[in-house]
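Each remark here refers to the structure printed beneath this line.
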Amino acid sequence: MLNIKALVKLMRPKQWVKNAFVMAPLVFSGLFLSLESVLQAITATVLFCIASSATYILNDYKDVEDDRKHPVKSKTRPLASGDVTKHQALVLMTLLYGLVAIGLVIHFDFVVIILCYLALNVVYTIYLKYQPVLDIFTIASGFVLRVYTGTVAISVPLSPWMLVTTFALALYLAAIKRRQELAKNGSSSRNVLNEYSVELMDRYAEMSATCAVIFYSLFVMTSKMDMVLSIPFVLFGLYRYWFVVDSLDGGESPTDALFSDFQLQTTIIAWVAVCLYTLWP
């Protein structure tokens, strides 16, 4: 029996919020008043959502037996819980890959980058996620590819400051995610966690957060001085996220942390508003 709700859940639509990084170049380039640029950015974001859903299904398919032994994933993951069969997952994953392939015909320039993202995640699922440090850097690289896709979609150069800031921020989120997985479930949820400790993940997160703030501040003060008012929102967002992790026991899923905390949501909305106001042509 086909369970539509479970199939949708298998695609993890809540995680699509990560693909907002594709829209970042549209904001920082000041092209958000150009209808053509907006449509291109939206198209790239939609295709990235499709691609990321395909990678989630591939990951769940590969890890289904391990997920069935996990106290939480065995109930929340559609494949592990039995709400979706392996055959149904394969059919859906093939369909999603097919949609990306169609996009390649229409928008070859930036869909090629999305294909690189898909290839990277295949290697990640098979090998890289079992390699300490490499697993975190692979996750962060996916966010850089999102930003790069956004720049190519609207035909603007990739800012080196945006690249390193995105990479540092993504490393911070990935380190926090691993830290919380380790703190909550030990090494039972991922084999690679046997190589980590909570203290090491804390140091990784601290270093990455510091780099993100420094790089973002340098970007603003050297390229977009009018955006200096956005720096306090970035600082507060990082502080608040760490509070959610440490005091409210969130952070195992950055998306869940975002959707569950009103102050984080308000901070991001305020940051976007300040950016749009200062960058308005």
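Throughout, read-outs are computed from the coordinates displayed, never taken from laboratory work. The structure presented is a predicted model; accordingly, all values stated were derived computationally and were not measured. Here Cβ is always computed from backbone atoms with ideal geometry, including for glycine, and neighbour counts include all displayed protein chains.
With only Cα atoms counted, the chain has Rg and Dmax values of 18.9, 58 Å.
Dividing the mean sequence gap of close Cα pairs (under 8 Å, 6+ apart) by how many residues the chain holds gives a relative contact order of 19 percent. Taking every alpha-carbon pair within the stretch 1-133, the share separated by more than 17 Å comes to 63 percent. If R0 equals 35 Å, the separation of the Cβ atoms of PHE108 and ILE231 corresponds to a calculated FRET efficiency of about 0.40.
Where in the stretch 145-159 does the label zone of THR222 land, with the point 7 angstrom along Cα→C-beta and an amide N cut-off under 16 Å? Label zone hits: 158-159. Long hydrophobic helices in the chain: the complete DSSP H runs spanning 18 Å or more by Cα along their own axis with mean Kyte-Doolittle hydropathy of at least 1.0 are 86-106, 108-126, 134-153, 231-246, 262-279. In plain terms, the chain from ASP249 to VAL8 could stretch by 84.1 nm, reckoned as 0.36 nm per residue minus the Cα-Cα distance. In sequence order, the stretch 23-32 has phi-based couplings of 7, 4, x, 4, 5, 6, 7, x, 8, 6 Hz under the Karplus curve 6.51 cos²θ - 1.76 cosθ + 1.60, θ = phi - 60°, and Gly or Pro positions carry x. Projected label points at PHE137 and VAL46, each 7 Å from Cα along the beta carbon direction, are separated by 3.6 nanometres. Ranked by how many other Cβ atoms sit within 10 Å of their own Cβ, fewest first, the residues THR278, THR210 fall in the order THR210, THR278. Sorting PHE32, PHE110 by the number of Cβ atoms found within 10 Å of their own Cβ, with the fewest placed first, yields PHE32, PHE110. Our note on the geometry: Cα centres of the stretch 86-160 and the stretch 263-281, 27 Å apart. Summary value for the stretch 99-171: 33 percent relative contact order, contacts being C-alpha pairs under 8 angstrom separated by 6+ residues. Placing a label point 7 Å from the Cα of VAL122 along the Cα-to-Cβ direction, the residues of the stretch 53-71 with a backbone N closer than 15 Å are 54-59, 62. Here the label points at LEU35 and ARG203, each 7 Å from Cα along the C-beta direction, are separated by 5.6 nm in the simple model.
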